[in-house]
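Chemist: First the structure, then my questions, so here it is.
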Amino acid sequence: MITVRGIEMAYDDAGSGPAIVLLHGYPFDRSMWREQIDFLSAHGYRVVAPDLRGFSEMSEKLQFVADADRAPERQAEAYRTITTMADMARDVAALMDMLTIDHAAVCGLSMGGYVAFEFVHLFPTRVKALVLAGTRSPADNEQERQARFQQVQRMLAEGMNGIAEATLPKLLAPGTLAQKPEVVARVREMILRADPQGAAAAQRGMAERRDYSDDLPGINVPTLVIVGRDDPIRPVADAEFMHDRIRDSRLEIIEDAAHMTNMEQPEVFNAALLRLVQFSTK
Ligand code: MLT
């Protein structure tokens, strides 16, 4: 645990060498990166994976929002209202400062990808390489925003159980659901232990996020775009859209995987990530 911008932030920091920062999706936590942390730290990299604002261990300790211009007495309440993707990106930069990491390869999955977009926009010189997994650049349309607000109502009223059962069949490919019960259990447990208040704030933040599409031609670091062949949440077309617009990008379509590519097919995901960082972080 470390205090970062007024919150307690839990994180993993394993290995030594060029730094790689892993940003989890919604409503998950850093434990989704276990296979990547073990693999990359054994291959000569320093791997840092935080629990993003509002998720897992740190959510119970949240007392403040990042925006310094909000009155202190309103901070706690305001946090519960919204956590923007930029809030999370600034948290990550502050964590890197505290760990004396100047720059890193930044890898985000889904919501973590939105945070990575904000990070590379806010701190371009701190990014040596980028991984955009199971994510997309356009903002939400009105229907998608409304669906997020409905989910917020539901999880604040009923907790995470309904969300877990409703989303598992979309997060994981049929083969994963049938043949990898330990992956299914890990994903379910991550969702169930998420704090509904923290998840709600992030969900509102995702609803408010801007369209990152205009940023794509300006991304000038080696970039790996990863997508699961069977991802119904962020399908292959979303990945192709980003790959077509990021000059120095490679597209990796992972077979027999849906949204949680790094957990469903860790060997393929790790090999692609290693190729990118070997090339770009020396
Ligand atoms: C995620 O996995 O992080 C979410 O599906 C992202 C989103 O809801 O847009």
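Chemist: Given the conditions (1) outside any loop (DSSP other than H, G, I, E, B); (2) surrounded by 14 or more Cβ atoms within 10 Å (Cβ to Cβ); (3) within 12 Å of the ligand (Cβ to nearest atom); (4) not hydroxyl-bearing (Ser, Thr, Tyr), report the number of the one that ASP140 does not fulfil.
Modeler: (1)
Chemist: Does THR261 satisfy the condition of being at pLDDT below 95, within 21 Å of PHE119 (Cβ to Cβ) and β-branched (Val, Ile, Thr)? Give the derivation first.
Modeler: Working: at pLDDT below 95: no; within 21 Å of PHE119 (Cβ to Cβ): yes; β-branched (Val, Ile, Thr): yes.
Here the answer is no, as THR261 does not meet what is asked.
Chemist: Inspect segment 189-206 for any residue being out of contact with any Asp or Glu (no Cβ under 9 Å at 6 or more places or on another chain), hydrophobic (A, V, I, L, M, F, W, C), crowded, with 16+ Cβ neighbours inside 10 Å and without any contact (Cβ under 8 Å) to a residue 60 or more places away in the chain and give the result as yes or no.
Modeler: Checking segment 189-206: not a single residue is out of contact with any Asp or Glu (no Cβ under 9 Å at 6 or more places or on another chain), hydrophobic (A, V, I, L, M, F, W, C), crowded, with 16+ Cβ neighbours inside 10 Å and without any contact (Cβ under 8 Å) to a residue 60 or more places away in the chain.
Chemist: Please name all residue pairs, on different chains or six or more residues apart, with Cβ atoms under 9 Å, provided the first residue is in segment 12-29 and is open to solvent by 10 Å² or more (accessible area, probe 1.4 Å) and the second residue is within 16 Å of the ligand (Cβ to nearest atom) and of a type in the set (S, T, N, Q).
Modeler: ASP12/SER31; TYR26/SER110; TYR26/GLN203
Chemist: Test each condition in (1) open to solvent by 20 Å² or more (accessible area, probe 1.4 Å); (2) away from the ligand (no atom under 16 Å from the Cβ); (3) more than 15 Å from the chain's Cα centre (by Cα) for ALA129 and report the one that comes out false.
Modeler: The one condition ALA129 does not meet is (1).
Chemist: Let me ask something else. Can you tell which of ALA147, ALA157, ALA94 is surrounded by fewer than 20 Cβ atoms within 10 Å (Cβ to Cβ), within 14 Å of the ligand (Cβ to nearest atom) and over 16 Å from the mean Cα position of the chain (by Cα)? I'd like the intermediate steps shown before the answer.
Modeler: Numbers: ALA157 fails: within 14 Å of the ligand (Cβ to nearest atom); ALA94 fails: within 14 Å of the ligand (Cβ to nearest atom).
One residue alone meets the criteria, ALA147.
Chemist: I need every pair where a residue in segment 227-245 that is in contact (Cβ under 8 Å) with a residue 60 or more places away in the chain and closer than 14 Å to PRO138 by Cα has its Cβ under 7 Å from the Cβ of a residue that is within 12 Å of the ligand (Cβ to nearest atom) and open to solvent by 60 Å² or more (accessible area, probe 1.4 Å), sequence separation at least 6 or different chains.
Modeler: Close Cβ pairs satisfying both conditions: ILE233/LYS170.
Chemist: Please specify each residue of segment 210-236 satisfying the condition of being closer than 15 Å to PHE269 by Cβ and more than 18 Å from the chain's Cα centre (by Cα).
Modeler: If the condition is that a residue be closer than 15 Å to PHE269 by Cβ and more than 18 Å from the chain's Cα centre (by Cα), then ARG229, ASP230 are the ones that fit.
The values are calculated or read from the model by the stated rules, or taken from the named source; none is laboratory data. Treat the numbers as computed from the prediction; the structure is a model and nothing was measured. Please note: Cβ atoms are built from the backbone with ideal geometry, for glycine as well, and neighbour counts cover all protein chains shown. Each accessible area value is taken on the protein alone, full model and side chains, heavy atoms only, with ligands, DNA and RNA left out. Shrake-Rupley method; radii C 1.70, N 1.55, O 1.52, S 1.80 Å.
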